[in-house]
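The next block holds one structure in the form of C-alpha cells; read it before the comments.
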Amino acid sequence: MELEFYGATRRVTGSCHILRAGGRTILLDCGLVQGGPEDEAVNREPFPFDPADIDAVVLSHGHIDHSGRVPLLVKRGFRGSVHTHEATIELCRVLLKDSASLAEHDARRRMRHGHADSEPLYTVDDAMRAVAHMKGMRYGEVRQILPGINLRLHDAGHILGSAFVELEVSEGDVRRTIVFSGDIGQYGTPIMNDPAAIGHADYVLVESTYGDRLHRSHEETVREIGGIITEACRECGNILIPAFAIGRSQELLYLFGQHYQEWDLARWEVYLDSPMAIEASRIYWNHPELWDEEATLFRREMRSMPPLDNLHLTGRVEESMAINGKREGAIIVAGSGMCNGGRIIHHLKHSLERPECHVIIIGFQAVGTLGRKLVEGHKEVFINGDRYRVAAKVHTLGGLSAHGDRDDLLRWVGSCEGKPAVFVVHGEETVKQVFRETIRASLSLETKVPLPGDVLNLETGALGSSVS
C-alpha cells in the first residue's frame, strides 16, 4: 500500500499521483502541465508507468491541469474507468474537446513552419474516447471502484462538480483513509457551496496555490469591479477580462446580473466571447442542485439564462472578430484565463496599447504565461512573435479566484478529525514551504512537501524516494 507523488509537485499544474494497493494501480487526477513552452513540453514525455497497467483514475474536477492528460492516457493504452462527479463529465466533454482542438490547431501551425514534431498531443476523437471511460458519481456516494478500495467524493467548492477525494484502502487487517484535495474553493464564494468538512483521514494531500496569501474579501472585490467599470466609462475604453471558461465566466455573469443597475451596465455591451464558456454556462444553469442558497434564490427570479439584456454570446469566429471594431463601451469576457491562447489574445492585440482600456485579471497565472507577465507589470509583451507596448491599465483581483487562500486552505485542513499526516502539493516551491510551516504552527500537524518520485508507505507512514 503506497502513494507515489508525481504531478504538481515541482509545479502548480499537471496534477497526478499514483496509488498502489492490493496489486492494483490508481491515478488521482491526470492533468496537463501548463505554462511556458518548456513546461508544456513535459506533456509529451512518457508517463513513469505503463498506461495499460493503470486500473482506474479518480478525477477531482474538470479543469485541464487536472484532467487534460486523460485523453493521452487512453491514447497510450489505458482501458480502465475514470470515476468523477456527474457534472464533471459534462464539463469534460467541453474542456477536453477544446484542449484537443487547440492541440490540433497548434500541430497544423507547426507543420506549416516545418517542425518535425507536428503531431497533436491528442485529437478531438481521442478526447471523446476518454470521456467515454468516465463514470459519474454524486457527492457522498460510496463506490467500491476496485477490490479493497472504496471511493467517496465531497464538494470542494471550486467549480461545478469539483470534489475532494476520499479513498479508503484495505489490505488484510490494515485500513487507511487518504484524502486528496483536488482544488479547494473559497468559503462564501458566489454560486458554489462552501467546501465540505473532511472528517476522518490518515493522510491528507492539500493543494497550496494561494497558501502564502489572503484574497481580498468578496465585498471589496465587488466594489473594485464597480470602480473599474466607472473609470473605464469615463475614459471611453473597453474592458477585457481573460476568464477561465469554467467557473470564473459564470461567476462574472452572476455578478453582472446582481449589480446590473449599481454598475450602470446598461451603458455597456457585454460579450461572452468563448464557445466553451457559453456551453459551460448552460451546464451550470442546468445544475441548480449544486448551487448555494443565495444563487438558487437568485436563479428562481430569472426566466432565462443568462439574465442580462445586453449580453452577447459570440460563439462564431466572425462574431468574435467583429467585436474588435468596437472601440469603446465593450466588456469582453474571453478565454483563455492565463492569456496563453484563445480569443483573448486577439482582443489584447487591439487593446493593450490603448491607455483608455482596462484589463482585469481574475485568476491564477502560471509562470511563463502572458497573463503572468501582465500581472508582473511588464511594459512590453510578445504575442505570436510581435511586440506590444502595455499601455492599458492592468488590474489583478484576487477576490474572484476559484482557489481558496491561505486561511481557506487552513480551515479545510483543520476540519479533519484526529491527527493526519499532511502533504502539500500543487503550488510554487516557495509557497508550498510557507504553507507547510503555517500548517505546522497553526494546527500542529506533521506536514511535508514531497518531491517527484517520493513514495509514501501507507502502512507505516514512512516517506521515501523511488528515484535511485
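The values are calculated or read from the model by the stated rules, or taken from the named source; none is laboratory data. The structure presented is a predicted model; accordingly, all values stated were derived computationally and were not measured. Cβ: placed from backbone, ideal geometry, glycine included. Neighbour counts: every protein chain shown.
Quick check on the range 51-70. Is at least one of its residues surrounded by fewer than 17 Cβ atoms within 10 Å (Cβ to Cβ), in the same structural domain as Glu141 (by TED's automatic domain parsing) and touching a helix residue (DSSP H, G or I) at 6+ places or on another chain (Cβ under 8 Å)? Scanning the range 51-70 turns up no residue that is surrounded by fewer than 17 Cβ atoms within 10 Å (Cβ to Cβ), in the same structural domain as Glu141 (by TED's automatic domain parsing) and touching a helix residue (DSSP H, G or I) at 6+ places or on another chain (Cβ under 8 Å).
Does Ser15 satisfy being in contact with a Phe, Trp or Tyr (Cβ under 8 Å, 6 or more places away or on another chain), assigned by TED's automatic domain parsing to the domain that holds Pro452 and of a type in the set (Ser, Thr, Tyr)? Criteria not met by Ser15. A single entry from Leu160, Leu153 fulfils the requirement of being crowded, with 19+ Cβ neighbours inside 10 Å, in contact with a helix residue (DSSP H, G or I) (Cβ under 8 Å, 6 or more places away or on another chain) and closer than 15 Å to Gly62 by Cα: Leu160.
For (1) in contact with a Cys (Cβ under 7 Å, 6 or more places away or on another chain); (2) in the same structural domain as Arg354 (by TED's automatic domain parsing); (3) closer than 30 Å to Glu235 by Cβ; (4) not hydrophobic (A, V, I, L, M, F, W, C), each residue gets a yes or a no:
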| site | (1), (2), (3), (4) |
| --- | --- |
| Arg389 | no, yes, yes, yes |
| Asp408 | no, no, no, yes |
| Pro420 | no, no, no, yes |
| Phe423 | no, no, no, no |
| Ser442 | no, no, no, yes |
| Leu451 | no, no, no, no |
| Thr460 | no, no, no, yes |
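Just to verify a result, which residue in the range 164-198, among those that are aliphatic (A, V, I, L, M) and part of a strand (DSSP E or B), is surrounded by the fewest Cβ atoms within 10 Å (Cβ to Cβ)? Only one residue fits best here, namely Val174.
The single condition among (1) touching a residue at least 40 places away in the same chain (Cβ under 8 Å); (2) farther than 30 Å from Gly418 by Cα; (3) among the polar types (S, T, N, Q) that Ser208 does not satisfy is (2). Scanning the range 407-438 for residues that are of a type outside the set (A, V, I, L, M), over 17 Å from the mean Cα position of the chain (by Cα) and buried (at least 20 other Cβ atoms within 10 Å of the Cβ) returns Trp412, Cys416, Pro420, Phe423, Lys432, Phe435, Arg436, Thr438. Please go through (1) closer than 24 Å to Gln250 by Cβ; (2) crowded, with 24+ Cβ neighbours inside 10 Å for Leu3 and return the number of the only condition it doesn't satisfy. Of (1) closer than 24 Å to Gln250 by Cβ; (2) crowded, with 24+ Cβ neighbours inside 10 Å, only one is false for Leu3: (1). The set of residues from the range 102-127 being without any contact (Cβ under 8 Å) to a residue 24 or more places away in the chain, under 24 Å from Ser67 (Cβ atoms), outside any helix (DSSP H, G or I) and more than 23 Å from the chain's Cα centre (by Cα) comprises just one member, Glu119. For Ala132, work out the one condition from (1) hydrophobic (A, V, I, L, M, F, W, C); (2) surrounded by fewer than 17 Cβ atoms within 10 Å (Cβ to Cβ); (3) in contact (Cβ under 8 Å) with a residue 40 or more places away in the chain it doesn't fulfil. All conditions are met except number (3). Taking each residue of the range 431-447 that is over 13 Å from Leu409 (Cα atoms) and looking for partners that are in a loop (DSSP other than H, G, I, E, B) and hydrophobic (A, V, I, L, M, F, W, C) with beta-carbon atoms closer than 9 Å, six or more apart or interchain, yields Gln433/Val449. The single residue among Asp212, Asp155, Asp194, Asp183 that is on the phi < 0 side of the Ramachandran plot, in contact with a Lys or Arg (Cβ under 7 Å, 6 or more places away or on another chain) and modelled with pLDDT of 95 or more turns out to be Asp212. Pairs meeting the criteria (first residue in the range 281-292 and within 23 Å of Pro195 (Cβ to Cβ) and in the same structural domain as Gly161 (by TED's automatic domain parsing), second residue of a type in the set (Gly, Ala, Ser) and at pLDDT 90 or above, beta carbons under 9 Å, at least 6 apart or on different chains) are lacking. When Arg223 is tested against (1) among the charged types (D, E, K, R); (2) closer than 24 Å to Tyr284 by Cα; (3) not assigned by TED's automatic domain parsing to the domain that holds Thr9, exactly one condition is not met: (2).
Put simply, of Gly14, Gly35 the only residue that is surrounded by fewer than 24 Cβ atoms within 10 Å (Cβ to Cβ) and on the phi > 0 side of the Ramachandran plot is Gly35. Note on the range 437-465: residues that are touching a strand residue (DSSP E or B) at 6+ places or on another chain (Cβ under 7 Å) and closer than 17 Å to His403 by Cβ total 1. Is one or more of the residues making up the range 240-262 in contact (Cβ under 8 Å) with a residue 40 or more places away in the chain and on the phi > 0 side of the Ramachandran plot? Yes, the conditions are met somewhere in the range 240-262. Just one of the listed residues (Met338, Met321) is of a type in the set (A, V, I, L, M) and surrounded by fewer than 22 Cβ atoms within 10 Å (Cβ to Cβ), and it is Met321. Looking across the range 439-466, the residues that are under 13 Å from Phe423 (Cα atoms) and within 24 Å of the chain's Cα centre (by Cα) come down to Ile439, Lys448, Val449, Pro450, Leu451, Pro452.
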